[in-house]
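In what follows, a single structure is set out as structure tokens and then discussed.
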Amino acid sequence: MTENLNLFTSTQVVIKEALDKLGYDEGMYDLLKEPMRMTEVRIPIKMDDGKVKVFTGYRGQHNDAVGPTKGGVRFHPDVTLDEVRALSMWMTLKAGIVDLPYGGGKGGIVCDPREMSMDELERLSRGYVRALSQVMGPTKDIPAPDVFTNAQIMAWMMDEYSRIDEFNSPGFITGKPIVLGGSQGRDRATAEGVTIIINEAAKRRGIDMKGARVVIQGFGNAGSFLSKFLYDAGAKVIGISDAYGALHDPDGLDIDYLLDRRDSFGTVTTLFENTLTNEELLELDCDILVPAAIENQITEHNAHNIKANIVVEAANGPTTSEATKILTERGILLVPDVLASAGGVTVSYFEWVQNNMGYYWSEELVRERMTEKMVTAFENVYTQATTRGIDMRLAAYMIGIRKTAEASRFRGWA
Ligand SMILES: NC(=O)C1=CN([C@@H]2O[C@H](COP(=O)(O)OP(=O)(O)OC[C@H]3O[C@@H](n4cnc5c(N)ncnc54)[C@H](O)[C@@H]3O)[C@@H](O)[C@H]2O)C=CC1
Ligand SMILES: O=C(O)CCC(=O)C(=O)O
């Protein structure tokens with residue numbers, strides 16, 4: 001049988017397993033097995049050459065029993081409806097794991113921003129908000145950055161919503177520039193959260209981070225900040241990659257140099273000869289492997305060849321269910337995406353809270369509060385996994401889904 005690479009249906013299987021273990025009935029699964037609202041829009045945009053191009057966009061809102069839905073928007077040529085469905089469900093789990101008053105949401109536009117001008121990107125970002133403004137808003141559904149979107153795109157989206165709302169609405173979106181109500185530390189929050197999780201996982205495996213050999217796939221927002229934090233902490237980052245290839249040096253790469261040379265889409269390998277492929281990168285001998293790019297990277301085809309002691313998923317969905325089984329059976333500690341990458345949405349929540357009260361926190365306070373949430377979340381998931389003898393993904397799903405299931409039950413939705 002060939003492996004299931006569909007993110008949506010493979011997520012449903014784990015949600016079902018988690019709900020069964022928690023003792024919920026079929027009705028609860030029926031409610032939570034897909035987003036409560038899935039919107040598809042067509043966005044006509046005048047391109048720089050004067051021609052109109054129509055883009056497809058999506059927004060998935062999984063469940064808002066706990067609070068407004070929340071999650072990023074990605075601009076990528078491979079965005080699909082099923083991917084956005086799965087991503088919105090994972091956001092519900094993340095919010096549950098770090099205990100935020102949100103449900104899960106996620107959006108995407110099928111486009112390649114690497115081939116668009118800034119003006120075209122601005123028109124597309126504003127068009128997305130116009131198409132979805134009825135179902136989004138600071139108390140309904142709050143977007144944020146994800147793959148190939150950034151603070152500038154958040155600023156255009158916030159400005160467009162504020163025009164429609166006839167009110168300055170910083171709480172409409174998070175990941176904004178600081179001068180528009182962004183939070184200290186949001187740009188590096190995902191990577192900081194992953195760093196905290198790596199430290200916790202390394203402690204459990206007796207690995208000293210000083211000198212630990214780390215491989216990171218992806219050199220964008222998540223991967224590049226992460227490589228810097230680990231490099232500064234004394235780890236040896238021996239491999240990194242982007243969409244075009246990978247770099248490897250067993251003595252450790254010069255991360256400061258690479259950060260200086262990378263472009264705004266997280267591309268740096270095109271400047272070098274003798275690059276590896278992303279497939280080769282994942283199989284390098286190392287202590288810690290961090291997929292921080294895209295989905296379905298560790299599958300049944302390469303899971304047997306992974307040499308890391310710990311795999312920490314900074315990306316959403318990089319490991320298939322079959323590969324999760326193989327890695328766990330091989331004794332590799334796999335820390336799932338819904339736990340490892342929850343630092344981003346945690347600081348997004350702090351940003352939204354600051355916008356709502358109009359009072360802004362220091363970077364130290366943001367870091368302290370985020371650290372507390374991430375360490376507690378790791379401890380909860382690790383304890384659940386070890387005491388029940390289940391893998392970390394199932395343990396994380398059980399913790400992540402419980403709050404939404406309970407809130408839904410109290411509301412009479414299941
Ligand atoms: N930005 C955030 O706050 C959060 C991001 N994530 C996840 O982290 C992952 C990376 O996101 P960001 O760093 O924000 O995106 P980004 O757009 O800043 O960087 C993406 C990186 O992945 C590389 N990449 C793209 N396609 C690739 C391919 N086919 N093979 C190998 N590398 C490829 C790009 O070259 C770039 O280096 C995604 O799965 C995202 O959903 C998760 C939580 C929060
Ligand atoms: O910051 C946020 O609200 C969401 C981040 C996100 O999309 C994710 O964690 O995958």
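The values are calculated or read from the model by the stated rules, or taken from the named source; none is laboratory data. Keep in mind that what you see is a predicted model, and the values were worked out from it rather than measured. Note that each Cβ is placed from the backbone with ideal geometry, even for glycine, and that neighbours are counted across all protein chains shown. What goes into the accessible areas is simple: the full protein's heavy atoms, side chains included, and nothing from ligands, DNA or RNA. Shrake-Rupley method; radii C 1.70, N 1.55, O 1.52, S 1.80 Å.
Take each complete run of DSSP H in the chain, measure how far its Cα atoms stretch along the helix's own axis, and keep only those covering 20 Å or more with mean Kyte-Doolittle hydropathy at least 0.0; list them. Don't skip to the end; give the middle numbers.
Working: long enough: 7-22 (22 Å, 0.53); 81-97 (24 Å, 0.55); 118-132 (21 Å, -0.48); 151-165 (21 Å, -0.21); 186-204 (28 Å, -0.44); 343-357 (21 Å, -0.08); 363-388 (37 Å, -0.77); 392-411 (29 Å, -0.10).
Those that pass (Cα extent of 20 Å or more, hydropathy at least 0.0) are 7-22, 81-97.
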Next item on the list: Give the accessible surface of the chain per residue, rounded to a whole number of Å², with probe radius 1.4 Å and ligands, DNA and RNA excluded.
Entry: 40 Å²
Margin query: Computing the accessible area with a 1.4 Å probe over protein heavy atoms, can you report the carbon and sulfur percentage for the chain?
Written below: 48 percent
Item checked: Max mean-square fluctuation residue, GNM over the chain, Cα-Cα springs under 10 Å, options V98, V347, V110 -> V110
Check: How would H62, H248 rank on accessible area, largest to smallest, probe 1.4 Å?
Finding: H248, H62
Notebook entry, point to check: To the nearest 20 debye, what charge dipole does segment 56-105 have about its Cα centre, counting +1 at the Cβ of each Lys and Arg and -1 at the Cβ of each Asp and Glu?
Noted result: 100 debye
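Would you mind putting 359-370, 302-313, 82-93, 46-57 in packing order, based on average other-beta-carbon counts within 10 Å, highest first?
Working: 359-370: 14.7, 302-313: 20.0, 82-93: 27.0, 46-57: 12.2.
Per-residue mean Cβ counts within 10 Å order the peptides as 82-93, 302-313, 359-370, 46-57.
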Check: Given the chain, what whole percent of its Cα pairs are spread farther than 36 Å?
Finding: 20 percent
Next item on the list: Please work out how many pairs of lysine residues in segment 59-208 are eight or more positions apart (or on different chains) and have Cα atoms closer than 20 angstrom.
Entry: 9
